[in-house]
1. How high is the relative contact order of the chain, given as a whole-number percent (alpha carbon pairs under 8 Å, six or more residues apart)?
2. Order by neighbour count: Ile39, Ile25, Ile182, fewest other Cβ atoms within 10 Å first, most last.
3. What does the net charge come to around Ala33 if you take all other residues with beta carbon closer than 14 Å to its beta carbon, with K and R at +1 and D and E at -1?
4. How far is helix 148-163 tilted, in degrees, relative to the longest principal axis of the Cα atoms in the chain, given as a value from 0 to 90 rounded to the nearest 10?
5. For the Cα atoms of the chain, what angle does the longest principal axis make with the long axis of helix 32-46, in degrees from 0 to 90, nearest 10?
6. With +1 on each Lys and Arg Cβ and -1 on each Asp and Glu Cβ, and nothing else charged, work out how big the dipole of region 47-190 is about its Cα centre, in Debye to the nearest 20.
7. Which of Thr61, Thr99, Thr137 moves the most in a Gaussian network model of the chain with Cα springs under 10 Å?
8. Given a cut-off of under 8 Å on Cα pairs at least six residues apart, what relative contact order in percent is computed for region 60-138?
Amino acid sequence: MTVPYRVVPPAALPVSLSDAKAHLIVDHGDHDALIERQIAAATDMLDGYHGKLHRALVRQTWQVDLPGVPPGGVIRLPLGPAISVDSIMYRDRAGAVQTLPAADYSGPVLDGLGPFVRVRSRPDLGPWDDAVMVRFTCGAGAPEDVPALIRQAILLLVGHWYAQREAAGDSLVEVPLAVSAIIAQFVRPL
């Protein structure tokens, strides 16, 4: 499996500028651009395949490319919560991209290992590293659907970064916040 990549980003961040400004007790617009960047950075720290949570927060579309269909036809989706499998495409022996009919797969389905899609028929694949391309939508839905504790962790990070705008010291240490404790219960194992 190659590293999944985002095809369609979320339409909004999990925390709004107005929520962050209320948390920071900022009632002017002088720092709006700074606060928006901090919200985006805190979200990037937690969201997506490379984020600490290993899950999607707000609805977004990802793709994962595979060299083939695994035995048993089960393709694990690397991010959750899974909303839909939008398409499964494949490269045939001539290299042409084909779309697998939706009737030939089911999912997403959730089990103890996370979301997956089950392919019922094996397409005739070519010898490509990206012979199978699974595009799927995942996330909690809208920003207000993101768990309140995750939104709070984002606000804590923004608050810390807003107050401490320069690096402190020579070593990287954990921000002295409850962020790790808050997000620990939401981390999706890889």
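1. So the answer I get is 28 percent.
2. Least to most surrounded, the residues fall as Ile25, Ile182, Ile39.
3. The answer is 0.
4. Roughly 50 degrees between the two axes.
5. 50 degrees
6. Value, rounded to 20: 280 debye.
7. The residue that fluctuates most here is Thr99.
8. So the answer I get is 51 percent.
None of the figures in this text is laboratory data; all of them are computed from the coordinates on show. Just so you know, these numbers come straight off a predicted model, no measurement behind them. In this analysis, Cβ positions are derived from the backbone assuming ideal geometry, glycine residues included, and neighbour counts consider all displayed protein chains.
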